[in-house]
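Trainee: Dumping the structure here so I can ask a few things about it.
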Amino acid sequence: MEEFLTPHFWFAVGQIIMIDILLGGDNAVVIALACRQLPDHQRAKGIIWGTAGAIVLRVILIFFALTLLAIPFLKFVGAVLLIWIGVKLLTPDADDDHSNIQGSDKLWGAVKTVIIADLVMSVDNVIAIAGAAQTSGNPDHQMPLVIFGLLVSIPIIVWGSQLVLKLMDRFPIIITAGGMLLGWIAGTMIQTDPGLVAYIPQEKVWGYGLGIAGALLVLALGKFIMARRQAPAEDASA
């Protein structure tokens with residue numbers, strides 16, 4: 001029991017919750033769109049069952065992700081993907097609407113839509129949460145961490161998504177911090193890759209250094225891409 005009160009455990013829990021809030025904002029939009037054609041008395045059921053099914057499916061996916069990350073060099077690949085996801089978080093596409101999400105006037109049709117859409121959109125969450133769970137330092141804590149983090153974040157995503165989105169609009173530093181957090185997790189993942197442990201010192205200071213390097217890399221790439229996008233617009237207005 002004492003192991004669940006360590007700073008590493010709660011730091012990993014905090015990372016999982018923040019990741020799910022930042023990367024799970026679209027889930028609330030998908031749920032709303034999928035259930036929008038349901039009768040009023042069935043919308044709550046559609047939201048509850050769709051969310052429950054999506055979360056169960058995500059836990060299963062993360063279980064397999066945690067297993068696969070034990071294969072040499074897959075953590076390195078996952079780290080590269082996390083850096084890309086972090087950069088995408090800092091440089092969102094303006095045309096990323098959800099017009100392809102079709103609503104249904106049948107309860108189970110809406111639930112199915114929520115689950116399938118969440119499955120397609122969950123790759124980033126799965127990789128990020130699996131990486132964050134491994135920062136607890138104890139393999140036995142990984143699945144409890146994943147389940148606890150997801151359970152805590154469900155009400156935040158479903159009922160608090162509008163508040164979270166408003167906070168992100170008002171304080172863009174939250175998005176920046178989230179992207180850098182993904183870079184941090186990517187850096188620390190590389191240190192413990194089974195195929196690289198023989199070449200990278202395993203002292204904690206090296207882990208912190210790689211984490212900082214990953215966070216700064218995401219920030220630098222994000223700023224570079226946004227600067228490149230803004231340059232043509234400035235030239236056109238000149």
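Trainee: Based on the Cβ-Cβ distance of K223 and F76, what FRET efficiency does E = 1/(1 + (r/R0)^6) give at R0 = 41 Å, to the nearest 0.05?
Mentor: Details: r = 24 Å, r/R0 = 0.60.
Step by step, r from the Cβ atoms, then E = 0.95.
Trainee: Right, something else. Determine the sum of side-chain charges near T188: Lys and Arg each +1, Asp and Glu each -1, restricted to other residues whose C-beta is under 12 angstrom from that of T188. Write out the running numbers ahead of the final one.
Mentor: Working: positive: K75, K204; negative: D193.
Around T188, the charge tally is +1.
Trainee: With each pseudo-label sitting 7 Å past Cα toward Cβ, what's the L151-H41 distance in nm, one decimal?
Mentor: Simple spin-label model gives 3.3 nm for this pair.
Trainee: In this model, which of K88/K204; K75/K204; K45/K106 are farther than 22 Å apart at the alpha-carbon?
Mentor: Details: K88/K204 28 Å; K75/K204 18 Å; K45/K106 11 Å.
Long pairs (Cα-Cα over 22 Å): K88/K204.
Trainee: In nm, what is the difference between 0.36 nm times the number of residues separating L167 and K106 and their Cα-Cα distance? Kindly include the intermediate steps, with their values, before the conclusion.
Mentor: Numbers: separation 61, 0.36 × 61 = 21.96 nm, distance 3.39 nm.
Full-extension gain reported as 18.6 nm.
Rule-based calculations on the coordinates, nothing more; no lab input. Note that the coordinates shown come from a computational prediction; the quantities given were computed from them, not determined experimentally. As a convention, Cβ positions derive from the backbone with ideal geometry for all residues, glycine included, and neighbour counts pool all protein chains shown.
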